[in-house]
1. When segment 237-269 is examined, which residues are found to be part of a helix (DSSP H, G or I), within 30 Å of PHE172 (Cβ to Cβ) and among the small types (Gly, Ala, Ser)?
2. Exactly one condition in (1) outside any helix (DSSP H, G or I); (2) surrounded by 17 or more Cβ atoms within 10 Å (Cβ to Cβ); (3) in contact with a helix residue (DSSP H, G or I) (Cβ under 6 Å, 6 or more places away or on another chain) is not met by ILE226; state its number.
3. Of all residues being touching a residue at least 60 places away in the same chain (Cβ under 8 Å) and more than 30 Å from VAL109 (Cα to Cα) in segment 254-274, which is surrounded by the fewest Cβ atoms within 10 Å (Cβ to Cβ)? Just the residue, please.
4. Of all residues in segment 189-209, which are basic (Lys, Arg) and under 11 Å from LEU170 (Cβ atoms)?
5. (1) crowded, with 22+ Cβ neighbours inside 10 Å; (2) part of a loop (DSSP other than H, G, I, E, B): which one isn't true of VAL212, the others all being true?
6. All but one of (1) assigned to a helix (DSSP H, G or I); (2) in contact with a helix residue (DSSP H, G or I) (Cβ under 7 Å, 6 or more places away or on another chain); (3) closer than 29 Å to LYS285 by Cβ hold for PHE163, so report the exception by its number.
7. Scan ILE133, ILE140 and give me the residue that is farther than 19 Å from VAL180 by Cα and of a type in the set (A, V, I, L, M).
8. Looking at segment 71-109, which of the residues that are at pLDDT 80 or above and part of a strand (DSSP E or B) is surrounded by the most Cβ atoms within 10 Å (Cβ to Cβ)?
Amino acid sequence: MEENISIRIENIEINLLRTEEGKYISKDKEYDHIEEIALNYFSSQGYKGVFSQNFYWSHIFSFLFWQEIWAIIDLKYQSDKFPKYIKKSFELEKIPIKQDMPFDLFTDVFLKNREEIIAYKMKEIIEKGGEKILEENYRIAKEQCSKNNNRIFRMLEHNIDRFEIDDLKLVFKYHDIEDVMKVFLFYINDIPKNRSGFPDLLIFNDDELKFVEVKGPNDMIKEHQIEKIILLNQNNIKSEILTINHTERKLNNLAQKIRNSESINVKYPEELSEFLKKSKKYILKSYLDYGEKENIFMNIIILFFIISLLPFYLIYLFLKKKK
């Protein structure tokens with residue numbers, strides 16, 4: 001999927017001071033981040049907003065594909081990033097209980113090892129709707145994390161409740177479900193590379209939702225941020241850039257950098273329609289369920305150990321009292 005995408009740039013001029021601590025002062029109010037000032041600006045334009053950045057997409061990915069992420073699978077494809085004791089399948093007895101992600105998550109074989117089950121889940125999302133599955137899996141994820149020593153999946157950045165579930169549903173309310181799935185097909189194809197660079201803000205009103213990359217007076221845009229803006233726009237999810245107090249020279253440089261970005265090729269593993277043909281249903285067993293059983297077993301062992309020591313402790317108390 002290659003097409004020329006124009007990226008809208010809006011520049012606003014405001015009175016802005018920077019403190020020695022790196023904070024911003026505008027209209028006698030102090031802000032920790034430039035994005036907060038941008039949210040205030042969009043609020044004055046009738047928009048509501050969320051500080052989204054990479055977290056928004058990683059949370060949706062985590063909840064939509066929760067079962068597929070944690071599925072116990074045969075590792076048909078190998079990676080030199082695997083621990084040495086992981087061979088052809090997950091050897092459950094050797095997996096640490098507190099492991100916070102699958103071993104292949106940040107490798108180039110994560111999708112290859114799960115093509116059939118991820119394609120099946122994408123078809124299910126397209127048929128049932130992303131909002132419903134998000135809500136169901138959010139509840140399941142919270143339950144399983146609490147049963148597993150509050151272990152939080154790495155992609156949730158140790159904060160499962162960073163977003164309200166209604167905020168995560170927004171992208172499905174405003175956009176075609178297949179367009180959103182195309183974004184995630186790109187995302188899952190190379191998670192270590194593709195999970196970063198997403199725009200800072202999600203803003204919306206009654207008519208539209210869009211993502212905005214915010215650049216303060218001294219900020220410069222990076223290539224992987226332009227790539228994500230192109231990715232979203234390619235899939236009919238409006239994404240643009242807001243600059244704050246940029247000079248004409250900086251705006252020209254930014255526009256030139258975007259024009260030069262035409263060489264950026266947003267790489268999908270294949271067309272979504274072709275990928276969905278790989279769909280196959282499996283009964284998935286979860287590594288998290290295994291961890292839960294192991295926790296119960298360990299608790300039983302600890303309890304048994306305590307009970308076995310109790311008579312010796314009572315004897316000790318009796319002898320101490322007798323003295």
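1. SER261
2. Answer for ILE226: the failing condition is (1).
3. Among those that are touching a residue at least 60 places away in the same chain (Cβ under 8 Å) and more than 30 Å from VAL109 (Cα to Cα), it is ALA255.
4. none
5. VAL212 satisfies all of (1) crowded, with 22+ Cβ neighbours inside 10 Å; (2) part of a loop (DSSP other than H, G, I, E, B) except (2).
6. (1)
7. Numbers: ILE133 fails: farther than 19 Å from VAL180 by Cα.
The conditions single out ILE140.
8. Top of the filtered list is ALA71.
The values are calculated or read from the model by the stated rules, or taken from the named source; none is laboratory data. Owing to the predicted nature of the structure, the values given are computational and were not obtained by experimental measurement. In this analysis, Cβ positions are derived from the backbone assuming ideal geometry, glycine residues included, and neighbour counts consider all displayed protein chains.
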